[in-house]
């Protein structure tokens, strides 16, 4: 006769490759049912975007196959995104599990393009995703998503995000009188606008809120860091040394604010010649990867330089929408899965810290 203890003991040998913990202690095994020699349970993964989801499922099936007495096995696989920030400390956004800031040291590295496609890639995995365009001076998210005629409404004193391709989107670019005008505001006003976008918006239940920050280390990144608990920061750079050197200043600021750096994304990594199919490293080679190694930061992936990405951004038709199975889309998907994995790792660390804190108070 198969027992629950036997099943859990066997599954305890399956290790999550990212979290380095067994799936039983992580609470990933749910609703175990045994009827004679028939076994049924749910495997609840930590995020639908985990790059190791298939491997974990295969390891679970292999482990159960070792229990000889089981005649029928029914496995249901689901995913529930972990909370990568302390929601108990945030009365303003208690329904947003993870807030990810996308930053860069300088402009021109394609940060907003990465933000948009990162959000779309996470949404395509089944996650609930919001996108906040926090670049008040140069809001370009509506253009990149083809949302020129969209607008945000107010209901019960709360901004209602516009929606596009499954994303909830908030941007200063939705305000019609700003369409062809330069935003001329001093720091305190800019900070006030961002706070409104964060806390006076009906974000509802989100697994991830991607915040596209303006380049540099000015008022808006500081306001984000000081207003609400956030999961971490993703830094976007290009391969050349000058961009990497300035990117170091960006993540250096957030480290001083005790905000986790989730990793580095290298945009415009290389160009694949359509005629010879060779990779050409126009802006240098592996600059972001070298920077990651020097500063002991995770390298989240590289995005190739391709006219299709640029054209999609200008026309409001992102490549993840127009051609989700392309090599370009898969590059963004790899980055998104690595970001999601980092969220799960940070969530696990946060959980352990909270348990340790509770233990010391007893």
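Tabulated data for the structure shown
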| quantity | calculated |
| --- | --- |
| Subset tally (residues that are under 21 Å from residue 304 (Cα atoms), assigned to a loop (DSSP other than H, G, I, E, B) and in contact with a strand residue (DSSP E or B) (Cβ under 8 Å, 6 or more places away or on another chain)) for the stretch 212-268 | 3 |
| Test for residue 309: is it under 30 Å from residue 148 (Cβ atoms), outside any helix (DSSP H, G or I) and in contact with a helix residue (DSSP H, G or I) (Cβ under 8 Å, 6 or more places away or on another chain) | no |
| Given (1) in contact (Cβ under 8 Å) with a residue 12 or more places away in the chain; (2) surrounded by fewer than 20 Cβ atoms within 10 Å (Cβ to Cβ); (3) at negative phi, index of the condition residue 39 fails | (2) |
| Within the stretch 289-306, tally of residues that are assigned to a helix (DSSP H, G or I) and touching a helix residue (DSSP H, G or I) at 6+ places or on another chain (Cβ under 6 Å) | 1 |
| In the stretch 3-24, residue nearest to the chain's Cα centre (by Cα) [restricted to those that are surrounded by fewer than 19 Cβ atoms within 10 Å (Cβ to Cβ), at negative phi and in a loop (DSSP other than H, G, I, E, B)] | 17 |
| Residue within the stretch 243-258 that is assigned by TED's automatic domain parsing to the domain that holds residue 106 and in contact with a helix residue (DSSP H, G or I) (Cβ under 6 Å, 6 or more places away or on another chain) present | yes |
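The values are calculated or read from the model by the stated rules, or taken from the named source; none is laboratory data. Here the structure is a predicted model, which means the values were calculated and not measured. All Cβ positions, glycine included, derive from the backbone under ideal geometry; neighbour counts span all protein chains shown.
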